[in-house]
Every structure is written in structure tokens, then in C-alpha cells.
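Student: What follows is a structure written as C-alpha cells; I'll ask about it next.
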Amino acid sequence: MKILILGVGGIGGFFGGYLHEIGADVTFLVRPNRQELLSNNGLNIISSLGNLSLNPKTVLAKDLT
């Protein structure tokens with residue numbers, strides 16, 4: 001199953017990150033500035049459930065047409 005997460009805010013980043021961690025095919029729909037930040041720094045989640053760092057797949061809205 002492929003999953004598209006709309007945005008990488010607190011909720012989308014958290015759930016999308018952990019879905020990716022368990023092996024789901026997750027892509028994040030983001031704006032250009034966020035895509036640049038994620039490509040440079042990755043997605044880092046600090047949680048009582050465990051910390052997570054990953055380089056998520058991203059896509060821009062203009063690429064979906």
C-alpha cells in the first residue's frame with residue numbers, strides 16, 4: 001500500500017515517520033521550502049516512544065499533475 005501524507009507538521013511528520021519506520025511506502029506532499037529543509041536535515045522525531053531520524057520521500061503539488 002502506498003501512503004501520501006499531506007504535510008510534515010507535528011501530526012503528519014509523526015505518523016508518517018513511524019509508518020515509514022515499520023516499512024510502509026510513505027511519501028510526503030510538501031511545499032518547496034520544506035522539501036529543501038527535509039533534503040538537507042532529514043525528518044527527526046523525538047518522542048517518548050523512541051527517537052527516529054530518516055530521509056523521507058517528498059513530492060511537490062506541481063509534480064502530481
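The values are calculated or read from the model by the stated rules, or taken from the named source; none is laboratory data. Quantities reported herein were computed from a predicted structural model and do not represent experimental measurements. These area figures cover heavy atoms from the full protein model, side chains too; ligands, DNA and RNA do not enter into them. Shrake-Rupley method; radii C 1.70, N 1.55, O 1.52, S 1.80 Å.
Student: For region 40-62, which residues satisfy the criterion of being farther than 17 Å from E21 by Cα and open to solvent by less than 90 Å² (accessible area, probe 1.4 Å)?
Tutor: Those that are farther than 17 Å from E21 by Cα and open to solvent by less than 90 Å² (accessible area, probe 1.4 Å): V59, L60, A61.
Student: Here is a further query. Here is a check on your reading of the model: is L29 aliphatic (A, V, I, L, M), open to solvent by 30 Å² or more (accessible area, probe 1.4 Å), assigned to a helix (DSSP H, G or I) and at pLDDT 95 or above?
Tutor: Working: aliphatic (A, V, I, L, M): yes; open to solvent by 30 Å² or more (accessible area, probe 1.4 Å): yes; assigned to a helix (DSSP H, G or I): no; at pLDDT 95 or above: yes.
Criteria not met by L29.
Student: A follow-up question, please. Just the residues that are over 20 Å from D63 (Cα atoms), aliphatic (A, V, I, L, M), open to solvent by 60 Å² or more (accessible area, probe 1.4 Å) and not in a helix (DSSP H, G or I), please, taken from region 1-26.
Tutor: Correct list: M1, I22.
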